[in-house]
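Read the figures in this text as sums done on the coordinates, not as results from a lab. Because the structure is predicted, anything quoted here is derived from the model rather than measured. Every residue, glycine as well, gets a Cβ built from its backbone with ideal geometry; the counts of neighbours run over all protein chains shown.
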Amino acid sequence: MSDTPEGLQTLLTEAEVEARVAGLARRLAPHVADDAVAVCLLTGGLWFAADMTRALARLGRHVAFDALWLASYGDDRASRGRCQVRADLQRPLAGRQALVLDDVVDTGLSLAEAARLVNDAGARQVITCVFARKPWPSPRAIEPDFSAWDAPARFLVGYGMDAAGQMRGLPYIAAAD
C-alpha cells in the first residue's frame, strides 16, 4: 500500500524536502542578520517557515518570528489576481531585516505584496525566500531572492501547498493534476 493518495504523483520525497531545506539554509545563513525577523506567509508557508527557522538555528542564526496572512487563491487552483490581508504583522520591523518565507511562488503576487508590507513597516532590508519556484509564462510581480527547488508547472500539493485546503500536511510534494 502506498502512502501517496490515489491520483497524486510524488515529485519530492520527505527526505528530499528535508535535504533541500538544509541546503537552502546553508546558502541563506550568511545573509541573515542578528536582528532578522522571519515573516511566515500563512497559511501555506507555515511548514517551510518552521523547518527553515529550525535549520537556520542549527547553523547559529536565531531569528525572531512573525506571520502575515495573505490570501490570493482561496480554494481555487488559480490566483484571483489580488491579495487580501487577513492578518497583519504583530512584531515591529522598523530598522530590522525581514526574511519573508513562503511555500511556493508562481505569479509572485503574494510574495510581492508581503515584501511591500514589510518594507512599509520599516524593515531596513527584505529578503524573500520560498521553497518552490514554479515557472511562469510572463514576468512575475517579484522574483524570490532564494528558493530551494525549481518546481515543474504542475498543480502541487503537500508541504503547505493545498487543493481547496486539503493535503497541506503531506510531508512530501506531489502533483495533483
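Condition first: touching a Cys at 6+ places or on another chain (Cβ under 9 Å) and assigned to a loop (DSSP other than H, G, I, E, B). Can you find one or more residues in the range 139-155 that meet it?
yes
Go over the candidates VAL104, VAL126 one by one and state the one that is within 22 Å of GLU18 (Cβ to Cβ) and not hydroxyl-bearing (Ser, Thr, Tyr).
Result: VAL104 is the single residue among VAL104, VAL126 that is within 22 Å of GLU18 (Cβ to Cβ) and not hydroxyl-bearing (Ser, Thr, Tyr).
What number of residues within the range 157-177 satisfy the criterion of being touching a strand residue (DSSP E or B) at 6+ places or on another chain (Cβ under 6 Å) and assigned to a strand (DSSP E or B)?
Matching residues across the range 157-177 total 7.
If you take the residues of the range 84-123 that are polar (S, T, N, Q) and surrounded by 14 or more Cβ atoms within 10 Å (Cβ to Cβ), which of them is nearest to ARG54 (Cα to Cα)?
The qualifying residue nearest to ARG54 (Cα to Cα) is GLN97.
Please name all residue pairs, on different chains or six or more residues apart, with Cβ atoms under 6 Å, provided the first residue is in the range 14-40 and is assigned to a helix (DSSP H, G or I) and the second residue is aromatic (Phe, Trp, Tyr).
As it stands, the answer is GLU14/TYR172; VAL17/TYR159; ARG20/TRP149; LEU28/PHE146, since those pairs meet every condition given.
Go through (1) assigned to a strand (DSSP E or B); (2) within 20 Å of VAL63 (Cα to Cα) and name the single condition ALA132 misses.
(2)
Quick check on my filter: what residues within the range 6-46 are of a type in the set (Gly, Ala, Ser), touching a strand residue (DSSP E or B) at 6+ places or on another chain (Cβ under 8 Å) and buried (at least 17 other Cβ atoms within 10 Å of the Cβ)?
Selection gives ALA36, ALA38, GLY44, GLY45.
Within the range 1-53, how many residues are in contact with a Lys or Arg (Cβ under 9 Å, 6 or more places away or on another chain) and of a type in the set (Phe, Trp, Tyr)?
Matching residues across the range 1-53 total 1.
Looking at the structure I just gave you, is VAL39 closer than 24 Å to ALA114 by Cα, among the hydrophobic types (A, V, I, L, M, F, W, C) and out of contact with any Leu (no Cβ under 6 Å at 6 or more places or on another chain)?
Here the answer is no, as VAL39 does not meet what is asked.
Evaluate the range 124-131: report whether one residue or more is in contact with a strand residue (DSSP E or B) (Cβ under 9 Å, 6 or more places away or on another chain), surrounded by fewer than 24 Cβ atoms within 10 Å (Cβ to Cβ), of a type outside the set (Phe, Trp, Tyr) and over 27 Å from GLY158 (Cα atoms).
yes
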